[in-house]
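Data block below; observations after.
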Amino acid sequence: MKLNRTSFSAAAILLASVALPGISHATVTVLGWPGGSEETALRATVEAYNAQSGIADADKVELLFFNRDGFYDKLQADMAAGSNAFDVNLVATYSIGRYAPYMEPVDLGADAGKVFGESVLKTMQFDGKQYGVPTDLSLHFMYYRKDLVDALMQDDAAKKKYAEIAKEHLGKDLQPKDPDSWTWDDWAATTLYFSKQVNSDSPVRYGTVLQMKNLLFNMMVFQSLPRSYGADWTDKDGNVTVDSDAYKTGLELYRKLYDAGASPKDSLSYEYAETNAAFGAGQAATALQWNAAAADLTNAEKTPAVAAVTGIVAPPAGPNGRADHIHGLGLGLNKNAKNKEGAVKFLKWLATEDAALLYARSGGSPALAPDVAAKVSNERPDLVKLGEFASQYGYVMNGATSANALSIYELQAKEFTGYWAGQQSLEDALAHTKTGMQDLLKK
Amino acid sequence: MAIVNRAEGRAYLTPLVGFLLFFLGFPAAVNLVYSISTVSFETLRSPSLTGFGNYAAVLADREFWGAVSFSMRFGVLTALAECLIGLFLAVFLTPLLARRSYLMAPLMLPLMVAPAMIGLMYRLVLHEFAGPVPYYLFEWFGDSPAFLDVDNAFRTLLVVEILQWTPFAFLLFYMAYAAIPLEVREAASLDGASALKALWWIELPLMLPTLVIAFFIRFIDGFRVFDNVYALTGSGAGGSTTSLSIYIYQAFFKGGAIGKAVAASVVLFLASLAVLYGLNWITGRGRR
């Protein structure tokens, strides 16, 4: 009997410990982007929010994370089913249109523009309405080996060889340049020069690491190249323009470099992680890669082979100047939220300068207005570069926040990688993409 | 007198039938409706019936037939290789395993790993800059092939699948081989049959049901492959490794073409049913 009473008490305590926190505390549930710096920063920021004296127990925030793999598919299924398991959910620039029917716009107040800048707030807008607070911005850096490029610039024999390679493979008279003034042709010539297959004297195996896997995110990395030649998904009248000369130039350059051996043979299965591994191994001279990789590639403990000699510039220029794909991750309001009032209160707070600075100091990558970024420039110098590149070269393709933007990226990934892999001609790839995009943008 | 009368039998079966109808019948019915509807994630609860356009779109889609071809080749080749290697191992390792049965445990280890983990593992193992295989190939021969390019991806995936699932075929064949009565083998030996003749004329015929079942289980698994292929090549290179399961997944989630994806799954279901009935007919004819 005593045992039974003890068991009963233990079970009651266990149940209470599991159930009570849910009842007495967090009633605003936030579904965040799991893993990485975003989760770390969000945890720290939410902790500070909950610790404020003016926040009622009923409005305290609880975090919810699930796996990154298939995140958007799971979110899609949950939201389409009308889930109210979370009040605030993650949203990204390229998926706003897809999730907007299940979300409610939020008014972040006039000060949000001063904290983030209007162009960054736009990454969370759809049909002119604000659907979220921009928490993290992603764009691309051109990473390069300073030691290799410096050696090339100082060696006359190497310069001669470089010019010969540029003439033979690209048909152009080019000389080595400082990476910050590269055009895409300069970059291509440099990658060919640093490829063993083209130049057996190259100190590294490859000139670059192209991300050519059939993956939508790889299209975002690629498209800054055609964009700098004037590419867009549609013209101002809404006609699909993916079969433009700009896209052809970009696609052909990737194919030419891959076929010439300037990128690893398995590049057709490469994405973010493989590119980091290749560049980090010291066997590639350049890599067009996400800004998120900067922390690892310049960290001597994580990447000892190249951390000290890794330089970072914006992507090279085309005839239309430089272009850098930007998209934001943010948090917005679920239409079926159980505690809308509490959720809006949290989102408004998240858009304040104090919250944005706290998020930045905790490891997040918010794109902040220059005067706000200056306040964390000592702790986060990379955020200054992020803001600078985003404001000078950042772009969003026409239609890239539409309901089917993700599907369009998927379509491009399938067709473009099919061309790079030699599975279909350039004309076929572009024709299939154009037809598919017309259908997807019409829906 | 029957142990259980008809009414009791029905009463006992009702929960099972109810369970099957609810958990299998309901999704199947929903699938059939979606397959003849125009439906999106926004209209999941109110699809509009539009006829057989989704089926026409699937059957006219070159990628669907590419995926069917990949799945068929992958299923047949992996099942064949796994059964042949499994049979070879069963015949040659049985004497050793009879004395040292603990060796069975390490042989079964690959079966313990989730296919998606196998895909991730080989992504690392075959990576030119992080993987041990390319590292040693560069060390010894100065070069390493592109394991996952358009020419080699299919072969690489075959090897990965075969390495993981051959132990399954081996396990079945080992049990069947070991179950053959010793007297049968002794009688054959007394009649002067060589080991090879005994294998061909006596042991293999006795193992035939197991061989057929193992082949079809492995074929079905190979045909519907998803996890390891998706983790390793993501349907690349250039879409050359898109299995039927990956095609359906991509059409549903990535393309948002729910009706088309579901129509493809219904086609797959009907084809599977035809194969199973065909198999049943063949084995039934064999017994007669």
Consider A:Met124 carefully, then state whether it is closer than 25 Å to A:Met219 by Cα and surrounded by 21 or more Cβ atoms within 10 Å (Cβ to Cβ). yes
### Task
Please verify whether the range A:388-403 includes one or more residues that are closer than 24 Å to A:Val91 by Cα and within 14 Å of chain B (Cβ to nearest Cβ).
yes
Residue set A:Pro370, A:Pro381; condition surrounded by fewer than 19 Cβ atoms within 10 Å (Cβ to Cβ), within 19 Å of the chain's Cα centre (by Cα) and assigned by TED's automatic domain parsing to the domain that holds A:Asp59; output residue A:Pro381
Looking at the structure I just gave you, is A:Ala285 among the aliphatic types (A, V, I, L, M), buried (at least 18 other Cβ atoms within 10 Å of the Cβ), in contact (Cβ under 8 Å) with a residue 40 or more places away in the chain and within 12 Å of chain B (Cβ to nearest Cβ)?
no
Expected output for the range A:62-86 (first residue open to solvent by less than 30 Å² (accessible area, probe 1.4 Å), partner outside any strand (DSSP E or B) and among the basic types (Lys, Arg), Cβ below 7 Å, 6+ apart or cross-chain) is A:Gln76/A:Arg98
Of the residues in the range A:404-427, those that are open to solvent by 20 Å² or more (accessible area, probe 1.4 Å), within 19 Å of A:Ile96 (Cα to Cα) and at the interface with another protein chain (Cβ under 7 Å from one of its Cβ atoms) come to A:Asn404, A:Glu410
Selection from the range B:179-196 of residues surrounded by fewer than 13 Cβ atoms within 10 Å (Cβ to Cβ) and over 21 Å from B:Pro209 (Cβ atoms) yields B:Glu186, B:Ser189, B:Leu190, B:Asp191, B:Gly192, B:Ser194, B:Ala195, B:Leu196
So, first residue in a loop (DSSP other than H, G, I, E, B) in the range A:33-53, second residue open to solvent by 70 Å² or more (accessible area, probe 1.4 Å), Cβ within less than 8 Å, six or more apart or across chains; the pairs are A:Trp33/A:Arg68; A:Pro34/A:Asn67; A:Pro34/A:Arg68; A:Gly35/A:Arg68
So, first residue modelled with pLDDT of 85 or more in the range B:1-25, second residue part of a loop (DSSP other than H, G, I, E, B) and surrounded by fewer than 11 Cβ atoms within 10 Å (Cβ to Cβ), Cβ within less than 8 Å, six or more apart or across chains; the pairs are B:Tyr12/B:Val4
Those residues of the range A:225-277 which are in contact with a His (Cβ under 8 Å, 6 or more places away or on another chain), within 14 Å of another protein chain (Cβ to nearest Cβ) and touching a residue at least 60 places away in the same chain (Cβ under 8 Å) amount to A:Glu274
Scanning the range B:73-101 residue by residue, those of a type outside the set (A, V, I, L, M, F, W, C) and at pLDDT 90 or above turn out to be B:Arg73, B:Gly75, B:Thr78, B:Glu82, B:Gly86
Exactly one of B:Val39, B:Val30, B:Val58 is closer than 21 Å to B:Phe253 by Cα and free of Cβ contacts under 8 Å to residues at least 12 places away in the same chain, and that one is B:Val30
With criteria (1) at pLDDT below 95; (2) under 30 Å from A:Thr417 (Cα atoms); (3) of a type in the set (A, V, I, L, M, F, W, C), B:Ile162 comes up short on (1)
Given (1) open to solvent by less than 50 Å² (accessible area, probe 1.4 Å); (2) in the same structural domain as A:Pro316 (by TED's automatic domain parsing), A:Val376 misses just (2)
The helices (runs of 4 or more DSSP H) lying entirely within the range A:177-250 that contain at least 1 residues which are among the small types (Gly, Ala, Ser) are A:184-193, A:224-227
When you check A:Val313 against the structure, is it among the β-branched types (Val, Ile, Thr) and either in the same structural domain as A:Leu75 (by TED's automatic domain parsing) or open to solvent by 30 Å² or more (accessible area, probe 1.4 Å) (or both), yes or no? no
In the range A:218-241, anything under 27 Å from A:Leu192 (Cβ atoms) and open to solvent by less than 10 Å² (accessible area, probe 1.4 Å) is listed as A:Asn218, A:Met219, A:Met220, A:Val221, A:Phe222, A:Gln223, A:Ser224, A:Leu225, A:Pro226, A:Ser228, A:Ala231
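Yes/no matrix, rows are residues, columns are (1) part of a helix (DSSP H, G or I); (2) within 22 Å of A:Ala390 (Cα to Cα); (3) outside the structural domain of A:Val30 (by TED's automatic domain parsing); (4) modelled with pLDDT of 95 or more:
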| residue | (1), (2), (3), (4) |
| --- | --- |
| A:Ser119 | yes, yes, no, no |
| A:Tyr144 | no, yes, yes, yes |
| A:Asp147 | yes, no, yes, yes |
| A:Lys160 | yes, no, yes, yes |
| A:Ala163 | yes, no, yes, yes |
| A:Ala166 | yes, no, yes, yes |
Taking the range B:232-266 and keeping residues more than 18 Å from the chain's Cα centre (by Cα) and hydrophobic (A, V, I, L, M, F, W, C) leaves B:Ala237, B:Ala251, B:Phe252, B:Phe253, B:Ala257, B:Ile258, B:Ala261, B:Val262, B:Ala263, B:Ala264, B:Val266
Filtering the range A:300-354 down to residues that are in a strand (DSSP E or B) and charged (D, E, K, R) yields A:Arg322, A:Asp324
B:Val225 within 17 Å of B:Leu80 (Cβ to Cβ) and open to solvent by 30 Å² or more (accessible area, probe 1.4 Å):
no
Conditions (1) more than 14 Å from every other protein chain (Cβ to nearest Cβ); (2) surrounded by 16 or more Cβ atoms within 10 Å (Cβ to Cβ) -> B:Trp200 fails only (2)
Return yes or no: is B:Val184 free of Cβ contacts under 8 Å to residues at least 60 places away in the same chain and either of a type in the set (Lys, Arg) or over 30 Å from A:Ser200 (Cα atoms) (or both)? yes
Of the conditions (1) more than 14 Å from chain A (Cβ to nearest Cβ); (2) surrounded by 17 or more Cβ atoms within 10 Å (Cβ to Cβ); (3) free of Cβ contacts under 8 Å to residues at least 24 places away in the same chain, the single one that B:Val159 does not satisfy is (2)
For this session: Kindly establish whether B:Thr242 is within 14 Å of chain A (Cβ to nearest Cβ) and in contact (Cβ under 8 Å) with a residue 12 or more places away in the chain.
Result: yes
Taking the range B:126-148 and keeping only residues that are surrounded by fewer than 15 Cβ atoms within 10 Å (Cβ to Cβ) and of a type in the set (A, V, I, L, M), one is left with none
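The values are calculated or read from the model by the stated rules, or taken from the named source; none is laboratory data. Here the structure is a predicted model, which means the values were calculated and not measured. Methodologically, a virtual Cβ is constructed for each residue, glycine included, from the backbone with ideal geometry; neighbour enumeration extends over all protein chains shown. Side chains are part of the model used for accessible areas, which takes the heavy atoms of the whole protein and leaves out ligands, DNA and RNA. Shrake-Rupley method; radii C 1.70, N 1.55, O 1.52, S 1.80 Å.
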